[in-house]
Amino acid sequence: QVQLVESGGGLVQPGGSLRLSCVGSSFTLELYAMAWFRQAPGKEREAVSCISTRDGVTYWADDVKDRFTISRDIVKNTLYLQMTHLKPEDTAVYYCVHTRQRTCRGYSPVEGDFWGQGTQVTVSS
């Protein structure tokens, strides 16, 4: 069955950087749009970024376009989120999502999507 395993989270000081990885199993990552979501305690789940099968990218969350970069490595079947200039408000559990779409246009999570277990990102001094 489809499995997604995130890694790369941790504790970082404000202004620091982290690169999150998501390794997929039992599916071909290049055939589907992939997305990153995040959820902080007590807050609603928030869509962060998405990459299509043609490597078109979308940044949904406020104030991330100039700080985060989403990418993928087809050979390694891995999705990445490079995060720089991190802020305390970026603190959340970050989830990798396998969609059933080819593009990111109009994407909203559905029952057929697959989610990883998440990786914790904590930005604090």
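Of the residues making up region 107-118, not a single one is modelled with pLDDT under 95, open to solvent by 70 Å² or more (accessible area, probe 1.4 Å), part of a loop (DSSP other than H, G, I, E, B) and under 18 Å from Val5 (Cβ atoms).
Give Phe37, Phe27 a once-over and let me know the one that is under 24 Å from Gln3 (Cβ atoms), aromatic (Phe, Trp, Tyr) and not in a strand (DSSP E or B). It would help to see each step written out before you state the result.
Details: Phe37 fails: not in a strand (DSSP E or B).
Of Phe37, Phe27, the one residue that is under 24 Å from Gln3 (Cβ atoms), aromatic (Phe, Trp, Tyr) and not in a strand (DSSP E or B) is Phe27.
If you go through region 41-71 and keep only what is assigned to a loop (DSSP other than H, G, I, E, B), of a type in the set (A, V, I, L, M) and either open to solvent by 80 Å² or more (accessible area, probe 1.4 Å) or under 22 Å from Phe114 (Cβ atoms) (or both), you end up with just Ala61. Scanning region 19-40 for residues that are within 15 Å of Trp115 (Cα to Cα) and either surrounded by 14 or more Cβ atoms within 10 Å (Cβ to Cβ) or at pLDDT 95 or above (or both) yields a count of 15. Pairs under 6 Å by beta carbon, first residue over 11 Å from Tyr94 (Cβ atoms) and open to solvent by less than 60 Å² (accessible area, probe 1.4 Å) in region 7-18, partner assigned to a loop (DSSP other than H, G, I, E, B) and of a type in the set (A, V, I, L, M), six or more apart or different chains? Short answer, once both residue conditions are applied: Val12/Leu86; Gly16/Leu86.
The values are calculated or read from the model by the stated rules, or taken from the named source; none is laboratory data. Because the structure is predicted, anything quoted here is derived from the model rather than measured. With ideal geometry, Cβ positions are generated from the backbone for all residues, glycine too; neighbour counts draw on all protein chains shown. The accessibility values were calculated without ligands, DNA or RNA, using every heavy atom of the protein model including side chains. Shrake-Rupley method; radii C 1.70, N 1.55, O 1.52, S 1.80 Å.
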